[in-house]
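Since the structure comes first, as structure tokens, the remarks are kept for the end.
Every number here is computed from the coordinates shown, using simple stated rules; none is lab data. Computed from a predicted model, the values in this text were never measured in an experiment. All Cβ positions, glycine included, derive from the backbone under ideal geometry; neighbour counts span all protein chains shown.
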Ligand SMILES: Nc1ncnc2c1ncn2[C@@H]1O[C@H](COP(=O)(O)OP(=O)(O)OP(=O)(O)O)[C@@H](O)[C@H]1O
Ligand SMILES: [Mg+2]
């Protein structure tokens, strides 16, 4: 069978039956289609290339190989997609960075290996004109620390695991180099029965996927590239129709994506950027099987490490995710902005003792102090979200709720009502704790505290974003004693006031068995190996702090061998 590039294939093409496209795994395809890749300064067939996990990766060759391959995909230069784009003012909503934006400058940054020079401005990042123009349209004047360091790493063609505080611009940090690369490589949107994206972003929740997609549309604006989102709970027919109109940047939740792949609507073989945003949350939500299916199963045609760039971003990195990173990433950089798992000082935190019976009234009184400011209230259980929404409405508070038992349309509506200010209070479960960037949330109230510190960090991170200030108030009572060992050091570190009763509670608690001080978690984990992570939060165990022994640049391996 002669090779037919994806862009030329159609279901009517007798040379290429639909089913055949999805029965081969990636290596078989390479073999059948005579795909060449760079190796030791020359070109070899992909199936002759040793597929070592840590095969040396040369970004220049990577680029050349991709250009050669992508040129087969590129259709005529005129692209109908640019004509169907929404108007500029709809895509680029008003963006006003907070007054504390310069505070980011003082945050300590650690990058390992330490051989990357940060870029101080978007102008010196060598972004192509269309991308630089979109950055200007976003009104970003200077890059945040995670952008200053991670963009050059990615542009140099290296894998990356980046940990930076909530609201510090991680989304643009991975989208910008991916979009830039696609434009440099001459990729454009090509309608086809099967989508062949170049960049794939996996995110844990539907709302976060939609948000990343909206960010993606900003950076791909007037570039001829097409951004598509697929997520569960919504009508797949619309998503399929979007995919078939051409897809260069795909944002997805793992379950729906695997479904789309299995049904032949997406192909991973041309992925060059695999990005996992909030990967720890994806594992928490039980997406590990789907992620493994997508990234490394026999059925998947995802290029192997060394043939794609893999990037992972979060504000917290518990142990499970370090394990996954070790498997998915190849000779990667580790970027740490501030301390792993810490939060930003732009959020003032307060912990109040409130017994369960008093919580509702305490919340009503508290909300009255915020006037028309947007307040996000976190509860533990879905039914409590419904109950609290009704109770607040009964108190004439404009309120809505979001949780996993509401249908997707209701979830999106609730978020829209909150963003627009029509409802000033959003009661939410952890479905809204990760990544959501809602401008002007003035406070986060934790009606129920979570049992682990990462959820606490991500929840409060819905305020105090992009240099703005915010307030976080937590209702604490006897049931929350399990979080004090992690909470108190976090409050202390970010210079927050610690109520006397809370400080005493820590002192009264017996030190954990393997504890070497207040910053050591109960479950030890990687912390004992000198890497300083506890098994849950990656928090406070001196992680990647100067005193923690770092692996040498030579033969760099960020994680202990399994
Ligand atoms: N260089 C920049 N200058 C000004 N604002 C920026 C810049 N980069 C990003 N932002 C804005 O900062 C806000 C937060 O960005 P983003 O959602 O990417 O944060 P994040 O680090 O992913 O947070 P989280 O950990 O909560 O997911 C967004 O509104 C974004 O538009
Ligand atoms: Mg984010």
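Which whole-number percent gives the relative contact order of the stretch 303-397, counting Cα pairs below 8 Å spaced six or more residues apart? Before the final figure, lay out each step's value.
Numbers: 23 pairs, mean separation 21.4, N = 95.
Here the relative contact order equals 23 percent.
Using C-alpha pairs under 8 Å with a sequence gap of at least 6, the mean separation divided by the residue count of the stretch 133-272 gives a relative contact order of 28 percent.
Give the relative contact order (percent, whole number) for the stretch 347-508; include only Cα pairs under 8 Å separated by 6+ residues. Let's see the in-between values first.
Numbers: 273 pairs, mean separation 49.8, N = 162.
The normalised contact order for the stretch 347-508 reaches 31 percent.
Please state the shape class of the stretch 401-451: rounded when a/c is under 1.5, otherwise prolate if a/b exceeds b/c and oblate if not, all from the C-alpha gyration tensor. Walk me through the intermediate numbers first.
Working: a/c = 1.74, a/b = 1.10, b/c = 1.58.
Oblate.
Counting pairs of Cα atoms in the stretch 83-223, how many percent are more than 17 Å apart? Beyond 17 Å sits 63 percent of the P(r) for the stretch 83-223.
How large is the Rg to Rh ratio of the stretch 281-326 when both quantities use alpha carbon positions and Rh follows Kirkwood?
Radius of gyration over Kirkwood radius for the stretch 281-326 works out to 0.97.
Here the label points at residue 492 and residue 320, each 7 Å from Cα along the C-beta direction, are separated by 2.9 nm in the simple model. Using a simple spin-label model with pseudo-atoms 7 Å out from Cα toward Cβ, residue 88 and residue 288 lie 4.8 nm apart.
Quick one: grab the alpha carbon gyration tensor of the stretch 140-238, order the square roots of its eigenvalues as a ≥ b ≥ c, and give me rounded if a/c is under 1.5, else prolate or oblate depending on whether a/b is larger than b/c.
Numbers: a/c = 1.98, a/b = 1.31, b/c = 1.51.
It is oblate, given that a/c is not under 1.5 and a/b is not larger than b/c.
Note on the stretch 218-322: Cα-Cα pairs beyond 25 Å make up 20% of the total pair count. For the stretch 89-337, report the % of Cα-Cα distances exceeding 29 Å. Counting pairs separated by more than 29 Å, the tail of P(r) holds 24 percent. Here each label is just a point 7 Å from Cα along the line to Cβ, and for residue 103 and residue 296 those points are 3.9 nm apart. For the stretch 258-389, the percent of C-alpha pairs falling in each 10 Å distance bin, counted from 0 to the bin holding the largest distance, reads 9, 28, 24, 20, 14, 4. How many angstrom separate the Cα center of the stretch 472-502 from the Cα center of the stretch 306-340? Cα centroid to Cα centroid, the span is 29 Å.
Decide, for the stretch 191-259, between rounded, prolate and oblate: order the square roots of the alpha carbon gyration tensor eigenvalues as a ≥ b ≥ c, take rounded if a/c falls under 1.5, and otherwise choose prolate if a/b is larger than b/c, else oblate. It comes out oblate by the Cα gyration axes. Protection proxy ranking for 184-196, 352-364, using the average of other Cβ atoms within 10 Å per residue and placing the highest first: 184-196, 352-364.
Report, to two decimal places, the Cα Rg of the stretch 347-508 normalised by 2.2 N^0.38 Å (N = number of residues).
Numbers: Rg = 15.1 Å, N = 162, 2.2 N^0.38 = 15.2 Å.
Against the compact-globule rule of thumb, the ratio is 0.99.
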